[in-house]
Amino acid sequence: MDKQQLLNRLDKAWTSFKESYAGLSDAQMQEPGVTGDWSVREIIAHVSVWEEEALKHLPHILEGGRPPRYSITYGGIDAFNALMMEQKHALSLAEVLAQQDNIHRRLIDYVQSVPEDQFTRETRFRRRLRLDTYSHYPIHAQAIQDWRANSGK
């Protein structure tokens, strides 16, 4: 895989994620119960958090560093997710959507600036990018699609 192929894969998964909630009203986007107690708004905020994590840690990985372990720093991924969602709780739907667009655009710009050799083989950089983005989006897109199918939305 080269950089352009990876960007295409990322874009395809991103488009599918956004399509999973396309056409929902503002009220429907804020209904709890899509994934646990989370609404679509909270899922979008969660996905943005992980894109922010990619933006924070990928440059460090490129320099040979290792990101902190979530189990040590936060008490695990679930604890990290809970803390981040608590921090995003007061944001309006419009703010969550604006953050989503801004963070995703920054992520794409960053990935485009990374040297090609980080994409042509499996690297820690590529693994982290995959986990935080194009293998993460489909999990939540599927949850939203299932919720819509089961709730008639």
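The values are calculated or read from the model by the stated rules, or taken from the named source; none is laboratory data. These numbers come from a predicted model, not from an experiment. Cβ placement follows ideal geometry from the backbone for every residue including glycine, while neighbour counts extend to all protein chains displayed.
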Report summary line: Result of the Cβ filter at 6 Å on the range 14-32, keeping first residues that are more than 16 Å from VAL47 (Cα to Cα) and partners that are modelled with pLDDT under 95 and outside any helix (DSSP H, G or I), at least 6 apart or interchain, is GLN28/LYS153
Query raised in the report: When you look at GLU42, is it acidic (Asp, Glu), in contact (Cβ under 8 Å) with a residue 40 or more places away in the chain, farther than 22 Å from PHE125 by Cβ and assigned to a helix (DSSP H, G or I), yes or no?
Result: yes
Report task. Find the helices (runs of 4 or more DSSP H) located wholly in the range 75-153 whose residues include 2 or more that are touching a residue at least 40 places away in the same chain (Cβ under 8 Å) and buried (at least 17 other Cβ atoms within 10 Å of the Cβ), and list them. Result -> 93-113, 124-132, 137-151
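Do we have GLU51 as acidic (Asp, Glu) and surrounded by 18 or more Cβ atoms within 10 Å (Cβ to Cβ) here?
Values: acidic (Asp, Glu): yes; surrounded by 18 or more Cβ atoms within 10 Å (Cβ to Cβ): yes.
Considered against the rule, which asks whether it is acidic (Asp, Glu) and surrounded by 18 or more Cβ atoms within 10 Å (Cβ to Cβ), GLU51 comes out as yes.
Please determine whether any residue of the range 69-77 is of a type in the set (A, V, I, L, M, F, W, C), within 16 Å of the chain's Cα centre (by Cα) and modelled with pLDDT under 95.
yes
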